[in-house]
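Comments concern the structure below.
Nothing in this text is a laboratory measurement; each read-out follows from the coordinates by a stated rule. Note that the structure is predicted; figures quoted are calculated from it, not measured. Because the Cβ atoms are built from the backbone with ideal geometry, glycine has one as well, and the counts that use them run over all protein chains shown.
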Amino acid sequence: MEARSDVVLLAAVKDRDRGALCELYDRHAPWLLARLNRRCADSGLVEEVVQDTFLAVWRKPDAYRGTGDLPAWIWGIGIRRLLAALRPRRAIPWPRIAEQALPSAEEIVLLGVEHGDLGAAVNGLSPELRAVVQAVILDGLTSKEAGQLLRIPAGTVRTRLMRACVQMREALT
């Protein structure tokens, strides 16, 4: 039996098919959990956010407008749920951005660019600038959302992003 596509599964979720939601969860929860764990050290909170994300998919499958990839839509729900959960209601261990012990999937892709220096340019950035590039460019967050995630003002996010762009441009020329 051939696996159903994400779009077909979401259509079945619209028809209240719990099995389709389970298939979507099994397919997408592992990578979502891994990516969110890179942004928050509280694994219990991340697991709650993943559950909330798929609950949101169940409650409002019509929110997906059909533009873009379904995993990108799921990621958008997940990262915004994480930001909401991290709002200053309680102290939470923050992401291991400064440590960068293991590169994220995005960093691996960027560093693996074979025919260019983009990976080296990103890798040459300071951890603070790299974190902003990751949050704004790779994760698609607004400067306000990135500021909340990184615990810095939105203006600082924009300034660091401009500095990162200048440094990467210089590295690439």
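Rounded to the nearest whole Hz, the Karplus-based 3J(HN,Hα) values (6.51 cos²θ - 1.76 cosθ + 1.60, θ = phi - 60°) of the stretch 32-40 follow the sequence 5, 4, 5, 5, 5, 5, 6, 10, 8, with x at glycine and proline.
In this structure, residue 11 and residue 144 have a Cβ-Cβ separation that, at R0 = 35 Å, corresponds to a calculated FRET efficiency of about 0.55. For an R0 of 41 angstrom, estimate the FRET efficiency from the Cβ-Cβ distance between residue 22 and residue 87 and round to the nearest 0.05. That gives a FRET efficiency of 0.85.
Taking other C-beta atoms within 10 Å as the exposure proxy, 79, 152 rank 152, 79 from fewest upward.
Distance between the modelled labels on residue 170 and residue 156, one decimal in nanometres: 2.2 nm (7 Å Cα→Cβ projection). In terms of surrounding Cβ atoms within a 10 Å radius of their Cβ, 156, 173, 142 rank from fewest to most as 173, 142, 156.
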